[in-house]
1. Which condition does B:Asp302 not pass, out of (1) closer than 19 Å to A:Pro309 by Cβ; (2) open to solvent by less than 40 Å² (accessible area, probe 1.4 Å), if it passes all the others?
2. Look through region A:194-212, keep the residues that are among the small types (Gly, Ala, Ser) and within 21 Å of A:Ile82 (Cβ to Cβ), and return whichever of them is surrounded by the fewest Cβ atoms within 10 Å (Cβ to Cβ).
3. Please go through region A:265-282 and pick out each residue that is modelled with pLDDT of 95 or more and either under 19 Å from A:Ser251 (Cβ atoms) or out of contact with any strand residue (DSSP E or B) (no Cβ under 6 Å at 6 or more places or on another chain) (or both).
4. Restricting to region B:55-84, and then to whatever is surrounded by 15 or more Cβ atoms within 10 Å (Cβ to Cβ) and of a type in the set (Asp, Glu), can you tell me which residue is farthest from the other protein chains (Cβ to nearest Cβ)?
5. Take region B:29-58 and flag every residue that is within 30 Å of B:Gly11 (Cβ to Cβ) and of a type in the set (Ser, Thr, Tyr).
6. Please go through (1) within 26 Å of B:Gly364 (Cα to Cα); (2) open to solvent by 10 Å² or more (accessible area, probe 1.4 Å) for B:Trp104 and return the number of the only condition it doesn't satisfy.
7. I need the full set of residues from region B:287-299 which are within 14 Å of chain A (Cβ to nearest Cβ), open to solvent by 30 Å² or more (accessible area, probe 1.4 Å) and in contact with a strand residue (DSSP E or B) (Cβ under 8 Å, 6 or more places away or on another chain), in order please.
8. Test A:Ser284 against the criterion of being of a type in the set (Ser, Thr, Tyr) and open to solvent by 10 Å² or more (accessible area, probe 1.4 Å), and give yes or no.
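The values are calculated or read from the model by the stated rules, or taken from the named source; none is laboratory data. Because the structure is predicted, anything quoted here is derived from the model rather than measured. Neighbour counts run over all protein chains shown; Cβ positions are idealised from the backbone, glycine included. Surface accessibility is based on the protein's heavy atoms, side chains included, excluding ligands, DNA and RNA. Shrake-Rupley method; radii C 1.70, N 1.55, O 1.52, S 1.80 Å.
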Number of protein chains: 2
Amino acid sequence: MVACWEGRILGVGPRDVVEATLEARGHPLSRFVRLDADGGVVTPGLVDPHTHLLFAGSRERELVLRQQGASYLDILAAGGGILSTVAATRAADDEALAEHGRRWLDEMLGHGVTTIEAKSGYGLDLATELRLLDVAHQLGREGPIDVVPTFLGAHAVPPEFRSRPDGTEAYVRSVIEDQLPGVAAQGRARSCDVFCEEGVFSADQSRRILRAAAAYGMAIRLHADELAPSGGAELAAELGALSADHLHAPSDEGLAAMAAAASGPTPTVATLLPATTWFLMADSAPARRFINAGVPVALGTDFNPGTSPTPNLPLVMTVACLEMKLSPAEALAAVTINAAYAAGVGGEAGSLEPGKLADVVIWGATDVHQLPYWVGADLVDVVVKRGRVVHRRGA
Amino acid sequence: MVACWEGRILGVGPRDVVEATLEARGHPLSRFVRLDADGGVVTPGLVDPHTHLLFAGSRERELVLRQQGASYLDILAAGGGILSTVAATRAADDEALAEHGRRWLDEMLGHGVTTIEAKSGYGLDLATELRLLDVAHQLGREGPIDVVPTFLGAHAVPPEFRSRPDGTEAYVRSVIEDQLPGVAAQGRARSCDVFCEEGVFSADQSRRILRAAAAYGMAIRLHADELAPSGGAELAAELGALSADHLHAPSDEGLAAMAAAASGPTPTVATLLPATTWFLMADSAPARRFINAGVPVALGTDFNPGTSPTPNLPLVMTVACLEMKLSPAEALAAVTINAAYAAGVGGEAGSLEPGKLADVVIWGATDVHQLPYWVGADLVDVVVKRGRVVHRRGA
């Protein structure tokens with residue numbers, strides 16, 4: 001039994017114990033509304049710790065190009081890929097972005113998600129990055145899903161800098177000197193992210209950006225070693241990042257650094273994104289190496305139009321079990337408690353504990369092992385967010 | 001524009017052409033109800049040509065066993081796997097089976113499916129097989145999804161025959177002499193299927209069963225070469241089967257026989273089941289070899305509790321694109337027109353053509369390439385079955 005009051009969890013455990021505790025604390029049972037799980041599994045609301053929620057357009061044609069052998073960097077180099085999304089996103093007004101966001105948040109809610117991290121990063125100029133962060137913030141205020149905005153100005157080098165010989169370095173300075181002060185003054189971004197990758201932003205450039213962000217009080221996270229070992233995992237551990245994400249190709253040193261950090265005061269979560277590597281028809285990240293090394297592993301959708309167009313976090317649990325050999329129990333921890341810490345809300349969400357937000361999912365399943373097992377099935381019966389029923393099957 | 005009347009398609013094409021044709025044929029436009037696709041893609045209702053819809057219980061624990069290295073035949077040999085489902089299914093009453101069937105049919109409808117094939121095969125005795133076929137038939141009558149029942153008595157050798165030294169052969173005789181006459185007399189099964197596989201039923205045994213079924217007027221289909229080349233593809237071509245299914249490991253001769261049949265009077269559809277191989281963490285069937293050889297390829301969910309617990313046919317399109325390199329257009333043909341022929345309803349379903357059933361899906365997508373692209377997303381806005389709106393997003 002999970003007892004909730006004013007949006008928070010009051011007690012969790014066998015019914016008689018919880019009821020006795022409530023009465024003893026002066027909470028008469030008559031004041032509670034009962035919701036019967038009817039034999040279904042009850043879990044914390046899921047947390048998606050890595051999404052690019054807000055963008056315009058779609059890029060379905062790239063799937064066929066990839067089937068024909070084009071790589072991510074091929075498509076990027078050809079001016080397609082992320083830059084086409086940047087152009088469409090810059091051209092979209094706030095209301096179009098918000099409508100898009102509501103559509104996909106609504107679907108995520110139906111999959112049992114009650115908190116997401118949402119990155120900017122398809123603006124790549126101060127004005128658009130601020131708009132993306134503000135729309136993400138406003139969508140979180142509308143609810144019911146809590147949205148944790150992240151500033152990702154260093155997602156790619158925008159077209160207006162690419163023509164310059166020192167384009168990447170000039171853009172890094174622009175992120176640090178122009179964008180970060182504006183983002184910090186706006187106050188929407190809870191953390192700062194960088195795409196730290198050979199050919200995108202180097203570990204040194206990433207370090208400068210993230211240190212500047214930390215000086216503004218932002219938490220930090222990285223897209224790390226997605227395509228090749230690029231010093232991302234090492235940097236995440238060095239800087240005490242909340243999360244290092246992707247980690248398809250960490251170096252041995254990077255993995256060791258994250259393992260060492262895991263037992264220190266500022267552990268970095270390894271946020272793995274198996275839907276992305278699956279969609280890119282690539283091998284997945286070495287999840288079991290992280291788990292065996294004691295690094296906490298989270299899973300995210302990486303929802304974005306280029307490399308992971310999926311809003312379905314339970315399906316990502318399945319992909320993790322099949323492609324990365326996570327056990328169903330590991331997959332569940334990876335989309336709840338570990339994901340909450342990766343998103344920076346570990347004290348508020350991700351587990352059914354007294355004091356935390358009353359974010360609860362009742363599933364049409366009788367065993368947590370069934371969550372990744374019924375592949376792509378709609379298993380969510382009821383979603384409770386901050387103590388309120390916000391989604392019911394078929395309603 | 002798709003014009004429908006009394007459950008059938010009257011006309012398809014540009015609006016002005018269709019409207020002029022309707023008026024000329026004496027169908028005044030005022031008598032039609034308009035349904036606006038609002039820019040969304042319109043496709044035929046999807047056809048799932050391979051499901052084991054009816055069973056009891058679930059087998060989520062086998063996923064962990066497989067992660068630890070157990071094979072399908074390991075689990076089978078240990079008395080787990082299919083035999084545990086047979087025991088649970090025999091013990092379930094008709095109403096429990098029907099309730100289970102309604103739950104999953106309802107979900108399939110939400111994924112845009114309007115016709116499914118549904119196999120018996122978890123009874124393995126005449127009484128239970130007849131119950132499964134009758135429940136499948138009744139669920140089809142309840143609608144809205146059309147259900148095409150298939151008799152799969154030769155799905156496995158049941159426990160009561162396994163203890164006998166000639167158990168498999170004795171069970172084959174029982175299928176031919178005891179079950180088939182009863183199934184034919186009942187009249188529910190539209191086709192007969194056999195699990196033709198080394199270690200299950202040999203090609204010779206399969207041939208005897210399927211010829212006996214054909215003599216009762218049933219169409220025939222096979223589980224063929226799922227695990228190893230077992231003569232299944234050859235047999236399908238030889239017998240003019242509607243469909244040969246799985247085909248993970250066809251022999252070169254089998255593939256050539258199906259290619260030859262493809263240009264003859266009785267082509268056999270290759271019904272590939274990529275969710276199954278993906279869920280089993282195995283390589284997928286050589287889809288491109290079939291396509292390149294001119295064999296029509298269909299896709300099914302293989303919905304079943306052991307090897308493919310997914311009701312999500314659009315997700316199977318995605319798996320086919322990623323794991324078997326089908327193009328999105330090939331995947332769409334494989335769940336519509338080719339699937340309809342595989343299910344034995346090619347004259348009635350699977351395409352938007354005058355005279356066919358008015359089974360239509362309106363998608364929340366602007367390009368058919370988006371159907372497999374938005375991975376695991378709920379893209380279906382409206383489902384029309386036999387001319388009636390039977391599903392709306394969020395309703």
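1. (1)
2. A:Gly199
3. Of everything in region A:265-282, those that are modelled with pLDDT of 95 or more and either under 19 Å from A:Ser251 (Cβ atoms) or out of contact with any strand residue (DSSP E or B) (no Cβ under 6 Å at 6 or more places or on another chain) (or both) turn out to be A:Pro267, A:Thr268, A:Val269, A:Ala270, A:Thr271, A:Leu272, A:Leu273, A:Pro274, A:Thr277, A:Trp278.
4. Only one residue fits best here, namely B:Glu62.
5. Of everything in region B:29-58, those that are within 30 Å of B:Gly11 (Cβ to Cβ) and of a type in the set (Ser, Thr, Tyr) turn out to be B:Ser30, B:Thr43.
6. Among (1) within 26 Å of B:Gly364 (Cα to Cα); (2) open to solvent by 10 Å² or more (accessible area, probe 1.4 Å), B:Trp104 violates only (2).
7. If the condition is that a residue be within 14 Å of chain A (Cβ to nearest Cβ), open to solvent by 30 Å² or more (accessible area, probe 1.4 Å) and in contact with a strand residue (DSSP E or B) (Cβ under 8 Å, 6 or more places away or on another chain), then B:Ile291 is the only one that fits.
8. yes
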